[in-house]
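> One structure, as structure tokens, below. Some questions next.
Every read-out reported here was derived from the displayed coordinates using simple, explicitly stated rules and does not represent laboratory data. Keep in mind that what you see is a predicted model, and the values were worked out from it rather than measured. Virtual Cβ from ideal backbone geometry, glycine too; neighbours counted across all protein chains shown.
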Amino acid sequence: MFNPETFDRALKIKGYGSYRKTIPFSRIQNVKTVQGETVLKVKPTIITNLREYIDFIENIKTSYTNPVFFRGQTNADYLLTPTSLRINPQNEHIMLEAFSRKFFDELNRCHSSMEKLIVMQHFHLPTRCLDITESPLVALYFACSHMKKFRTRIVKSEEEDWGEIILFREPDSEDRRPEKLKSIESSNISVIANTAYMEDDFSLWHLGVRWKKDVDIGHDEQYIDLINIVRQSYIVRVPHNNIRIKNQQGAFIMVNANMAYIDAHENERNKLTKDILNGSIKTFNQFLKDNKELCDTKPWMFRFYKIKPYSTDNELSIFQTDPFDLRRLLYKEKGIQQIVLVPPENKQEIIEELRKLNISEDFVYPDMDNVANEIREQINVE
């Protein structure tokens, strides 16, 4: 159901939602940088056909070691929120546990919590994995097409919205290497994946114990930075171990958004946090050994709770506008975010152009039912 308050907030946060159904063709070449509710500046590029999109892609800065990733959305007003945190963050762990019970043997073959989340995402269970792709053409298809596989009704042309392609890239470090491009084996990714299994109100102690079991390493791992627990997002390259993720050239952004309890003990908790981040507490085993009594007697020093992203109910404003720290990952040129917008009246033409390049629904979702439906439709049209 359309929620005017949520819609208006999306326009303010993203800065360019006001272009929705309002830009005449005569103004397409004159679109200027816009600014949202915060300091983020955005330069939309409006494309009306595949050639214009390719011209845009040819001018972006990318490399093999630090590529640009893309996310296509059929509605430019959608905020960047993974499904499990969009619906109800408090129910996230309940869904994961229910799925795990039903498919215990299948998930037991996975080597980590992250691998389990990938399997669940594959079967469309809501998770905190935000789908992205290394293929600009696949992202364009997602921005233009309401997948027949998922839609419950046909979207009429007059109901169509502006499509959007968002670009992501890890910031370069001083040696020009990507700062935080991760694989599924990364400890940081393991921390975030295990946070998904925590209850709405959880402790650092219980998360650390679960994480330690998950990594299952023979040596003592460096302690988890609290920053990764509270608010952090990483681009994750995943194994292309099935035809769908291979065709889509899929990847994920693993997101996290939890708020530490704010109370009278904040100063003491901050001191412990600094000790951990500064290296005074170097390993998890040392933390368990030196602080067990502290954990037992003062659990408030380690408690967090899951927040509802972009909600004005959050105590800290950053969780209202950038809860996942995604702005760090947005592709920018000279500090200005670059995005692509697709007018609703041009979507069908672009879909047909992509079909000639073999980018179609049965390519991005190559299961047998989808392929059969695509064949039936194409032959009946001819």
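> Going by C-beta contacts inside 10 Å, put 129, 144 in order with the fewest on the left.
With the sparsest Cβ surroundings first, the list reads 144, 129.
> Another question about this same structure. Give 61/182; 116/212; 212/246; 182/332; 102/246; 43/246 a once-over and call out the pairs whose C-alpha atoms are over 25 Å from each other.
212/246; 102/246; 43/246
> Along the Cα→Cβ direction, 7 angstrom out, place labels at residue 244 and residue 43. What is the inter-label distance in nm?
Label-label distance for residue 244 and residue 43, simple model: 3.7 nm.
> Another question about this same structure. Give me 233, 187 ranked fewest to most by other Cβ atoms within 10 Å of their Cβ, as a rough exposure proxy.
Placing the least packed residue first, the sequence is 187, 233.
> Here's something else I'd like to know. What order do you get for 203, 190, 311 when you list them from fewest to most C-beta neighbours inside 10 Å?
Sorted ascending by nearby Cβ count, the order is 311, 203, 190.
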